[in-house]
1. Hey, any hits in the stretch 536-546 for a residue that's modelled with pLDDT of 95 or more and part of a strand (DSSP E or B)?
2. When you check Gly268 against the structure, is it closer than 23 Å to Lys164 by Cα, part of a strand (DSSP E or B), touching a residue at least 12 places away in the same chain (Cβ under 8 Å) and over 25 Å from the mean Cα position of the chain (by Cα), yes or no?
3. Out of everything in the stretch 200-211 that is open to solvent by 10 Å² or more (accessible area, probe 1.4 Å) and in contact with a strand residue (DSSP E or B) (Cβ under 9 Å, 6 or more places away or on another chain), what residue ends up being farthest from Asn160 (Cα to Cα)?
4. Scan Gly559, Gly521 and give me the residue that is assigned to a loop (DSSP other than H, G, I, E, B) and either among the small types (Gly, Ala, Ser) or farther than 28 Å from Trp143 by Cα (or both).
5. Looking at this structure, is Leu172 at pLDDT 95 or above, among the aliphatic types (A, V, I, L, M) and touching a helix residue (DSSP H, G or I) at 6+ places or on another chain (Cβ under 8 Å)?
6. Of everything in the stretch 138-162, what is touching a residue at least 40 places away in the same chain (Cβ under 8 Å), in a loop (DSSP other than H, G, I, E, B) and open to solvent by 10 Å² or more (accessible area, probe 1.4 Å)? Give them in sequence order.
7. Just the residues that are in contact with a helix residue (DSSP H, G or I) (Cβ under 7 Å, 6 or more places away or on another chain) and either assigned to a helix (DSSP H, G or I) or of a type in the set (A, V, I, L, M, F, W, C) (or both), please, taken from the stretch 190-220.
8. Tell me, which residue of the stretch 412-437 that is open to solvent by 20 Å² or more (accessible area, probe 1.4 Å) and in contact with a Lys or Arg (Cβ under 6 Å, 6 or more places away or on another chain) is farthest from Leu381 (Cα to Cα)?
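The values are calculated or read from the model by the stated rules, or taken from the named source; none is laboratory data. Please read these numbers as outputs of a predicted model, since none were measured by experiment. Here the Cβ positions follow ideal geometry from the backbone for every residue, glycine too, while neighbour counts run over all protein chains shown. Protein only, heavy atoms only, side chains kept; ligands, DNA and RNA dropped before computing areas. Shrake-Rupley method; radii C 1.70, N 1.55, O 1.52, S 1.80 Å.
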Amino acid sequence: MSRVLNDLPAFLSALEAEGLLQRVSVEVDPFLEITEITTRVVKAGGPALLFERVKGSPYPVAINLFGTARRMEIALGRPPAEIGEELFNAAKDFFPPSPATLWRQRELLMRATKMPPKKVSGGPVTEITEPPNLDPWPILTCWPKDGGRFFTLPLVITQNPAGKSNVGMYRLHTYDKSTTGMHMQIERGGGAHYAEWEALNKPMPVVVALGGDPISLLASILPLPENMDEFAFAGFLRGKSVPLVQLSNGIQAPANAEFLLEGHIPSGERRQEGPFGDHFGHYSHAAPYPVFHIQKVHRRKNPIYLATVVGIPPQEDKFMGNAINEMLIPLLRAMRPELVNLWTYQEAGFHNLAVASVNQRYAKEGIKTALGLMGQGQMSLSKCVVLVDPKVNVRNFSEVLDALRDNFDPAEDFILLPGTAQDTLDFTSFKMNLGSKMILDATRGKKTPDRKPVPSEGPGPDGTILRSRNLRDSLLVVQVKGNGRAVVERLVKDPSLAGFTLIAAVSDDVPLDDEERLIWGLFTRFDCARDLHPASSRIEGAWPKISGPLGIDATWKPGYPEPLVMTPEIIQRVDTRWKEYGIVL
């Protein structure tokens with residue numbers, strides 16, 4: 001394991017030593033301009049960025065630090081897959097434990113002794129304590145129709161009335177110099193803590209940390225068991241305890257952070273939060289959320305403001321989420337012996353598409369696996385789970401489509417779960433936090449595929465098919481202008497298209513020749529219960545039976561939030577200034 005990076009400056013130095021950090025010395029605007037620059041750099045696989053002069057602020061901005069697989073390795077000290085394999089082997093060895101397994105895992109056990117955070121009397125973040133004034137901070141406005149400025153990489157530290165701590169990452173809508181929104185979603189630990197405080201009609205103490213060591217930052221977004229301490233797990237990954245300083249509101253927070261915002265969230269207070277562009281590539285709807293009142297700010301003498309941008313994939317969170325996949329999915333394999341592999345697709349916002357390969361020991365064991373995964377922590381937010389055989393590479397969308405083509409029969413292999421809890425950011429059901437899910441069982445061969453024709457392009461009685469694409473003789477995607485549902489309902493009944501497994505309509509802003517954008521446009525814009533249209537359906541007793549191609553209306557619909565599009569003015573400004581920035585791609 002390489003040296004431990006204790007704070008943000010150490011991480012920046014490590015990146016710069018490998019030529020992976022670009023300093024931008026000209027002034028840039030945190031209003032939209034930084035987003036446009038960063039989005040281009042991420043898509044090009046470019047460097048981490050340190051904007052040294054930010055308009056209206058004394059603080060520099062660091063961004064895109066995690067935006068490649070190599071930079072994730074530097075942040076973690078080793079490849080995330082190596083961590084995952086170590087956890088998998090340890091989980092197998094320790095159940096049941098024996099002297100031999102304890103000896104084999106002695107290095108891991110030594111690291112485990114470093115898990116508990118270390119309480120310290122002070123640290124770099126306590127060099128200055130001052131009243132809150134967020135006005136000159138370089139807080140980003142990322143997209144043109146955002147509700148305002150918001151914090152994009154905050155570590156929100158809460159504790160319940162019994163003193164149990166949680167670290168999460170929730171966006172903070174900046175209202176004024178000392179108050180922000182607190183976008184705690186229903187399934188997050190901070191939200192559960194707040195419910196306990198609100199039941200007592202008492203304010204919840206909160207500290208928001210900005211910056212700090214990269215592993216602690218990543219631990220805040222890991223889907224750990226609800227009662228596991230994030231800083232303790234960070235200490236385990238680091239092999240070194242995380243130093244925490246106790247603040248006057250009773251919360252312990254990272255002593256090596258750049259900023260600490262100390263305050264509370266009153267019981268019963270709500271304020272409109274949003275809209276904001278999110279990782280599903282659309283604006284999430286504005287809604288009332290709790291309000292964070294900042295009472296003190298602790299900071300370094302020369303702090304760096306850490307940020308990220310979320311939007312239409314790919315963004316920096318692609319690499320963060322993929323690393324989490326590689327680190328924690330092996331633990332799920334250890335708990336479920338039939339589970340061979342699992343991958344959640346960042347192109348679909350992670351939660352909208354998961355593919356699991358299973359080694360079935362009896363008929364339909366994979367269904368049990370899928371249902372179990374959909375009740376497991378943040379996997380419970382998964383909207384579409386596809387089951388495949390062990391030989392299928394779960395990360396390869398083409399191989400997944402092949403499995404669906406060869407094995408999936410909607411009459412026997414389709415399960416719809418309507419009326420379930422759903423990701424707060426999922427807008428497709430038109431009901432916040434509620435929606436539907438589906439399981440597609442594409443295990444074991446059943447069918448022999450035939451070559452498929454594709455529909456003619458041009459106007460029809462229901463809408464215009466602009467383009468079409470046949471993916472692996474399995475998925476037919478049509479780009480539609482007009483009524484997507486009517487197009488899908490017509491195509492699934494076309495006898496010449498009967499051999500396709502899936503027929504999907506997408507809107508004209510979804511390019512068919514870009515797989516990443518195609519997966520995004522397809523899986524973020526449909527509700528399983530409302531927008532799936534099979535060729536035929538009937539009821540046998542209480543069992544809905546469907547047949548023929550499964551149609552998906554994944555077009556943008558009235559009532560959906562708008563997709564994220566940058567303004568022409570900002571695009572032109574960045575085009576004009578690009579050489580000034582000095583960013584080499």
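1. no
2. No: the conditions fail for Gly268.
3. Out of the qualifying residues, it is Pro203.
4. Gly559
5. Criteria not met by Leu172.
6. Trp143, Pro144, Lys145, Asp146, Gly147, Arg149, Thr152, Pro161
7. Met204, Pro214, Ile215, Ser216, Leu218, Ala219
8. Checking each candidate, the answer is Leu417.
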